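We did not get these values from a lab; they are worked out from the coordinates using the rules stated. Since this is a predicted model, take the numbers as computed values, not measurements. Here Cβ is always computed from backbone atoms with ideal geometry, including for glycine, and neighbour counts include all displayed protein chains.
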Amino acid sequence: MSFESLGLRAELCRAVSEKGYTTPTSIQQQSIPLILEGRDIMGGAQTGTGKTASFTLPVLQRLMEHGEPKTKASKVRALILTPTRELAAQVAHSVADYGQNLPLSSFVIFGGVNINPQKQKLRKGVDILVATPGRLLDHVSQNTVDLSSVEILVLDEADRMLDMGFIRDIRKLLAILPKQKQTLLFSATFSKEIKQLSTSLLSNPALIEVARQNTTAELVTQVVHPVDKKRKRELLSFLIGSNDWKQVLVFTRTKHGANKLSEQLNKDGITAAAIHGNKSQGARTKALASFKSNDIRVLVATDIAARGLDIDQLPHVVNFELPNVPEDYVHRIGRTGRAGSSGEAMSLVCVDELKLLKGIEHLINSNIPKVTFEGYEPDPSIKPEPIRNGRNNPRPQKKSPRSNNSSARNRPSSKPAERSSRSKSNNSKPSKRPDNFGNR
Ligand code: AMP
């Protein structure tokens, strides 16, 4: 199977071959021909499956086939909505790369940066606009973007957009867009809300799924290391140091937790940076670049910030804290084992998080192996404490975030309880004795 055989024009095939792709991925094989036919799509795919190219390539081709727009050049012809700035920037890169041999223009807009240069660029006209919903609505309200000629709408990572509370913004945008258009919706998970949105949005969509719904990436080895909350940082430093890991993505539940952990790791002599919604766009970009170029070993991220990050062949992902929402586990470990390479995802789980772990195992329909490290065995006398804003303590619904860094999910959880810490062992290895951590 080749890109040519999917019906893509020579300029696009040349562009993908320059990127080094020889064979279309499964989602690309399925969706490209259908999108070229003009079908609406409901695509179930995680990042790492090649989904960006699966919609970008046929969108570029459709715009070429539709010919020059009859309308003024300042009108947007294809609109791609993404939940986060990082994903928007990445998708825009892909659009530019794949479209490099075509006379189509593209541009990306997101919040957290000056709006004026964006206005100037939009005034000049752009065929393909990649945007986060909040900033796009800002432009709509200031009349600096014209969406009346959108021929194709793509909702990328729609589940995350709903999780982040963008539904009202999306509905406002849908009301402005032309009724007659092709719509492509991509989502890693198909919740009830996504299904509801898709029925109001898509017309006779083709359903494409590349991995079984709500499953974790197949090449990822998963393991849970039971450990007391107070000793997680020690165990993480030990794991990184003793295995000599060079590039580790670590997830925390909160922005505060990400900052604190990154500071502590730096103190331990492990170079680290935190990436989350309270950081400026410049700081986020810089942290990501240092991580990609191996200048720092650890990137500590919150769920929202890490969404959609494309870091090639990331070998290690560590859940320093389990996510409040089980679906986020699937997204997190989707950062490793990407595009055919294998990866390792480990979760440091304390007694407070056992309910969250159960929820995750239920979602992925399998038990994650538990390996306890000698010297880091959890203290059985410690009683679980509630995790505020966790699944059992639903957070209050936000009205409309309008900003990509204002996610309810990233609010600090309850203060860590003071607990007695057990003595540290420096020669820890996985204990062979079976443990019943998961059965409690
Ligand atoms: P995505 O799921 O769009 O985030 O893509 C994941 C990664 O796979 C990106 O680094 C892409 O550049 C890469 N990729 C996309 N399509 C292919 C392909 N057909 N062959 C090899 N790599 C690909």
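Taking the Cβ of residue 279 as the center, what net charge do the other residues with Cβ under 10 Å away carry, scoring Lys and Arg +1 and Asp and Glu -1? Present the calculation step by step, with values, prior to reporting the outcome.
Details: positive: 255, 284, 286; negative: none.
With Lys, Arg at +1 and Asp, Glu at -1, the net is +3.
Anything over 25 Å Cα to Cα? Flag those among 51/192; 192/383; 51/229; 19/119; 292/355, in the order listed. Check vs 25 Å cut-off fails for 192/383; 51/229; 19/119; 292/355.
Projected label points at residue 114 and residue 283, each 7 Å from Cα along the beta carbon direction, are separated by 2.1 nanometres. Tally Lys and Arg at +1 and Asp and Glu at -1 over the other residues with C-beta under 15 Å from the C-beta of residue 99: what net charge comes out? Residues near residue 99 contribute 0 overall.
Sparsely packed loop sites in the range 115-223 (the trypsin sites (Lys or Arg not before Pro) outside DSSP H, G, I, E and B with at most 11 other Cβ atoms within 10 Å) comprise 179, 212.
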